[in-house]
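Below is a structure I'd like to ask you about.
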Amino acid sequence: EPEVTQTPSHQVTQMGQEVILRCVPISNHLYFYWYRQILGQKVEFLVSFYNNEISEKSEIFDDQFSVERPDGSNFTLKIRSTKLEDSAMYFCASNAQGIAYNEQFFGPGTRLTVL
Amino acid sequence: KQEVTQIPAALSVPEGENLVLNCSFTDSAIYNLQWFRQDPGKGLTSLLLIQSSQREQTSGRLNASLDKSSGRSTLYIAASQPGDSATYLCAVNANTDKLIFGTGTRLQVFP
């Protein structure tokens, strides 16, 4: 069964460093998302991406964050200068026809630890 | 602003019990509602998706209902098993390009 994959599973970085989190969505899906979950808190939406551009973003997704689909398979989240409060589990998700019609499929997550 | 609440926050039951998890949302103008399972330190596994026009969806021992007008959904788990132990999350899509999640119900089923 097709699944969303994410790498790395765990990333440790120093405050102020740049990190890139990688995701491979399900191959025929067109809509891509990043969410995050700070330990013990709710899963929060960060950004949605369709047709090579951001379709919606949350207040969390400030200028330190960017997303890219560099080729036909990968979808990346870049954090330019990490802060302690960026420590969280980051989930990538995708769906085929847009959120109003289809369920979202989530990857296993990348645990980001900022020291 | 859409808020999603889940009660109870935690539930511990003996194996074999039927149980109900509750999800409520403040804005009834939703496109759909999705139930997920999350194992500790793991990703989210989609269990059921209910469109706003539907009243319920079933998958195996799981049944999810939706009452959009009252802003409620329930997830019914029949004949619970220790393998059902996990956190269950509900999330709504309210006419935007994102899911809004509840805080989850942590379920433990003991033998």
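The values are calculated or read from the model by the stated rules, or taken from the named source; none is laboratory data. Predicted model only: the values in this text are computed from it and were never measured. Cβ placement follows ideal geometry from the backbone for every residue including glycine, while neighbour counts extend to all protein chains displayed. We work out accessible area using only protein heavy atoms, side chains counted, and drop any ligands, DNA or RNA first. Shrake-Rupley method; radii C 1.70, N 1.55, O 1.52, S 1.80 Å.
Looking at the structure I just gave you, is A:N52 away from chain B (no Cβ under 12 Å), on the phi > 0 side of the Ramachandran plot and among the polar types (S, T, N, Q)? Steps first, answer last, please.
On the way: away from chain B (no Cβ under 12 Å): yes; on the phi > 0 side of the Ramachandran plot: yes; among the polar types (S, T, N, Q): yes.
The answer is yes for A:N52.
For B:L75, state whether it is within 18 Å of B:A10 (Cβ to Cβ), away from chain A (no Cβ under 14 Å), aliphatic (A, V, I, L, M) and assigned to a strand (DSSP E or B). Don't jump to the end; show me each part of the working.
Numbers: within 18 Å of B:A10 (Cβ to Cβ): yes; away from chain A (no Cβ under 14 Å): yes; aliphatic (A, V, I, L, M): yes; assigned to a strand (DSSP E or B): yes.
Answer is yes for this residue.
In the stretch B:78-104, what count of residues is obtained for those that are closer than 24 Å to A:L46 by Cβ and either part of a helix (DSSP H, G or I) or among the β-branched types (V, I, T) (or both)?
Initially, the stretch B:78-104 is screened for residues closer than 24 Å to A:L46 by Cβ, giving B:86-104.
With the extra rule that they be either part of a helix (DSSP H, G or I) or among the β-branched types (V, I, T) (or both), the set shrinks to B:87, B:92, B:96, B:100, B:103.
The qualifying residues number 5.
Does B:S69 fit the bill of being away from chain A (no Cβ under 14 Å) and either modelled with pLDDT under 95 or within 30 Å of A:S55 (Cβ to Cβ) (or both)?
Numbers: away from chain A (no Cβ under 14 Å): yes; either modelled with pLDDT under 95 or within 30 Å of A:S55 (Cβ to Cβ) (or both): yes.
In short, yes.
If a residue has to be without any contact (Cβ under 8 Å) to a residue 40 or more places away in the chain and either within 14 Å of chain A (Cβ to nearest Cβ) or open to solvent by less than 40 Å² (accessible area, probe 1.4 Å) (or both) to count, how many in the stretch B:78-98 make the cut? If you could, list the steps in order and put the result at the bottom.
Filtering the stretch B:78-98 for residues without any contact (Cβ under 8 Å) to a residue 40 or more places away in the chain gives B:83-85, B:96-98.
Adding the requirement that they be either within 14 Å of chain A (Cβ to nearest Cβ) or open to solvent by less than 40 Å² (accessible area, probe 1.4 Å) (or both) leaves B:84-85, B:96-98.
So the count comes out to 5.
For residues in the stretch A:102-115 being of a type in the set (A, V, I, L, M, F, W, C) and within 13 Å of chain B (Cβ to nearest Cβ), which is least open to solvent (accessible area, probe 1.4 Å)? Even if it seems obvious, please write down each step before you answer.
Of all residues in the stretch A:102-115, those of a type in the set (A, V, I, L, M, F, W, C) come to A:105-106, A:112, A:114-115.
Now narrow it down to the ones that are within 13 Å of chain B (Cβ to nearest Cβ): A:105-106.
Numbers: A:F105: 68, A:F106: 22 Å².
The extreme case among them is A:F106.
Output the qualifying pairs, or none if there are none: Cβ atoms under 8 angstrom, residues six or more apart or on different chains, first residue in the stretch B:33-44 and closer than 20 Å to B:P82 by Cβ and facing chain A (nearest Cβ under 10 Å), second residue open to solvent by 10 Å² or more (accessible area, probe 1.4 Å) and basic (K, R).
That search, which allows pairs on different chains as well, returns B:G41/A:R111.
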